[in-house]
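The values are calculated or read from the model by the stated rules, or taken from the named source; none is laboratory data. Note that the structure is predicted; figures quoted are calculated from it, not measured. A quick note on method: Cβ atoms are made from the backbone with ideal geometry, for glycine too, and the neighbour counts reach across all protein chains shown.
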Amino acid sequence: MNLDRFKMSKKQLQALSLAVLIVFSSTIGLAVLPGLAAAGNVSKTVDASSAEYVAMDLSNVTGEFTVRIRVDPGPGGGQRLVYEDTHTAAGLGTDLPAYRNSKAYNNVTIEIEGTGVPSDVTIGTGEAFQRVDWRNKDVFTSSSGDRDFNCDTVERMAQTVNPAIVITDCNALPESTSVNTTNLDANETKLEIYQSAAAQADAGENHLTMMENRLQDTKTVALIKGKAAYIRSLNALGSQTTAEAEAKQNISEYYSKIERNHIAEWNAKVSHLWHLKQLANSTTGVTADDVIGFNYSFEYGYTTTLEITGFGSTSYQLQNGSSVEVSTVDIRYHVENSDNSWSASKTHTFSASTGSYTYDPDSSGTGDKLTMHGIEFLPPTKNHDYLPYANFDRYADQLTEIDTQTTSTLGQMETVVNQTYDQYQAGEINNSDLVDPFTLQNEFSPGSNYQGWAASTLAMLGTNQPTDLDQTGYMNVTLEDGTNLQGIIQSAENPPSGEFAVNTTYNPANINGTQWITTDSEVRELKQNFTLHGIQTVHGKTRTNFTIVEKSYETTSADDIKKLNEQLTLLREEIEAREDNMNGGTGGGGLLGGGSGGLALVAVAGVAVVIIVASNNGGRR
């Protein structure tokens, strides 16, 4: 294997204050081993207990192949399948994709199957490939640092505002949507189909909730990304026209990724619907009409029947001008009056962008109108409820909002350029020093530094952090319902008094923006009155108050952009320093976990790598 392809980037190398000494040895055990299987079917289990990433070298794989990722111990023990998908070598986009373990699971098993898969595919931890970081788009799926398979608040936020992230907990697990009808009777098959549909519906609900709750907030991220591109272009070329075009392109690409993810979720739901429909029709004693229903409304005393008659696809243009394929569902509807003197049969095609559909026979706007709102699954027993599966309006509304928001954001970017170009001097902010919320969120791991990851994720939504975050240990908070929490309070703004004080009760309604508390394992929105009981520094000392650094993301001048960049740079440094301080200055969770000084030994494909580190980067990857 050619390790030159996997050398650390300049940025990663600069994180080491002393040179890296590489000593070749044939006596050290390999950290990266070929998958031991016949060609066409490679499988390897990796000890990932301290690994951020598990990667695979697919440079020699050809044609179509399937990747499966299994982890253990999963919730309740045992091995769980967290990823399964088919790819082509040409469409993968990277020779070295990865699974982001974030130190969550002890063992990760990678299986690669396909006729063009050689037997010597290399699979191992990221460190074994001499890599400590991956682009989100080159990661199949992410654990987000826990083992619970629950899509919590910060996971939802992270996946929404950073559309390249795929978090396992917020998507349907492959095994949860599979149906085994072997030796099952018709009633048991109906129940299996219902449960499979429920798993896919839950993943869709997670996705839609994230989109609905956070899409407006993500405008901040889009603008900051556009401003960063604007500055980089000005530094390089000095042209206002080119810089504005670069900024707008970044904004359009950002929203296009969100659109792509949204459509991909719709496509997955339609694909699963097709699968369950075929399964029902191929099972003795069961038909699609027994399991699939419709959410519709029909005025007056007419009767109606609906059925899915076909599946197809259409094209949808993204904000950047490119097109993607969108799955479609054909629904045939038949309506008639009570004496059969009038009837109509028609078919309508639904996609992610169509929304609900109303059939109005006389186009009067009143009278006998049929409106189709969505697809649902029928209860398999009297103890189950109707299961909402796909609401047409919820999918279409999000695409409409993305389109509206993109137009508004591009207009605001024009204003920023017009107000700052004459003031701005190329080089005023160095490209290497540019920090935006998007970049910041990518630099922290939920496995090594959950609170830092959460803080950077909240920063993407315009939420601010306490001053002297690097010196802040924990805050003790009691909610109105008696719940006690220990963590870090983050807020868009300070309370009217200008500070948060110990032994004071606060009503979130009286503080602008949203208040959050980040514990060691979750991010929780403070929706009820809460009392701040104590503040402890990283060194165990007590404090009586703290203030929030109120950053302004609505930059309208060159000075504003520079100030925001400086504040975000400071936040990054404080997150890193806080982790180091919380670990007693030992630098746990640093670049390669080597501590603040000392020796780290890593085996890389038959090479013993000795890395002497004088200082670490406190958790940045």
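List the strands (runs of 3 or more DSSP E) inside the stretch 461-544, counting only whole elements, that have at least 1 residues being within 21 Å of ILE575 (Cβ to Cβ). Reasoning before the result, please.
Numbers: elements: 472-479, 484-491, 504-506, 515-518, 523-525, 530-537.
Hits in the stretch 461-544: 472-479, 484-491, 515-518, 523-525, 530-537.
Provide a single number: the residues in the stretch 175-185 that are out of contact with any helix residue (DSSP H, G or I) (no Cβ under 8 Å at 6 or more places or on another chain) and either at pLDDT 80 or above or aliphatic (A, V, I, L, M) (or both). Walk me through it before giving the result.
Of the stretch 175-185, the ones out of contact with any helix residue (DSSP H, G or I) (no Cβ under 8 Å at 6 or more places or on another chain) are 175, 182-183, 185.
Right, trim to either at pLDDT 80 or above or aliphatic (A, V, I, L, M) (or both) and you get 185.
Total meeting the criteria: 1.
Looking at the stretch 218-317, what helices (runs of 4 or more DSSP H) fall wholly within it and have at least 1 residues that are in contact (Cβ under 8 Å) with a residue 24 or more places away in the chain and in the same structural domain as PRO380 (by TED's automatic domain parsing)? It would help to see each step written out before you state the result.
Numbers: elements: 218-237, 240-281, 288-291.
The helices (runs of 4 or more DSSP H) meeting that bar are 240-281, 288-291.
Has the stretch 333-344 got at least one residue that is among the small types (Gly, Ala, Ser), closer than 30 Å to ALA245 by Cα, in a strand (DSSP E or B) and free of Cβ contacts under 8 Å to residues at least 12 places away in the same chain? Working first, answer last.
Taking the stretch 333-344 as the starting set, the residues that turn out to be among the small types (Gly, Ala, Ser) are 338, 341, 343-344.
Those left that are additionally closer than 30 Å to ALA245 by Cα: none.
Checked against the condition, which is being among the small types (Gly, Ala, Ser), closer than 30 Å to ALA245 by Cα, in a strand (DSSP E or B) and free of Cβ contacts under 8 Å to residues at least 12 places away in the same chain, the stretch 333-344 yields no hits at all.
If a residue counts only when it is closer than 28 Å to LEU215 by Cβ and at pLDDT 85 or above, which strands (runs of 3 or more DSSP E) contained entirely in the stretch 99-167 have at least 1 such residues? Outline the logic, then answer.
Details: elements: 107-113, 122-125, 139-142.
Fully inside the stretch 99-167 and qualifying: 139-142.
Give the stretch 47-56 a look and list any residue that's touching a residue at least 60 places away in the same chain (Cβ under 8 Å) and surrounded by fewer than 24 Cβ atoms within 10 Å (Cβ to Cβ), or say none. Working first, answer last.
Keep residues of the stretch 47-56 that are touching a residue at least 60 places away in the same chain (Cβ under 8 Å), which gives 47-48, 50-56.
Result: ASP47, SER50.
Does THR483 fit the bill of being modelled with pLDDT of 85 or more, out of contact with any helix residue (DSSP H, G or I) (no Cβ under 7 Å at 6 or more places or on another chain), loosely packed, with under 14 Cβ neighbours inside 10 Å and not charged (D, E, K, R)?
Details: modelled with pLDDT of 85 or more: yes; out of contact with any helix residue (DSSP H, G or I) (no Cβ under 7 Å at 6 or more places or on another chain): yes; loosely packed, with under 14 Cβ neighbours inside 10 Å: yes; not charged (D, E, K, R): yes.
Considered against the rule, which asks whether it is modelled with pLDDT of 85 or more, out of contact with any helix residue (DSSP H, G or I) (no Cβ under 7 Å at 6 or more places or on another chain), loosely packed, with under 14 Cβ neighbours inside 10 Å and not charged (D, E, K, R), THR483 comes out as yes.
Inside the stretch 185-228, can you point out the residues that are of a type in the set (Asp, Glu) and within 17 Å of ALA264 (Cβ to Cβ)? Spell out the reasoning first.
Of all residues in the stretch 185-228, those of a type in the set (Asp, Glu) come to 185, 188, 192, 202, 205, 212, 217.
Matches in the stretch 185-228: ASP202, GLU205.
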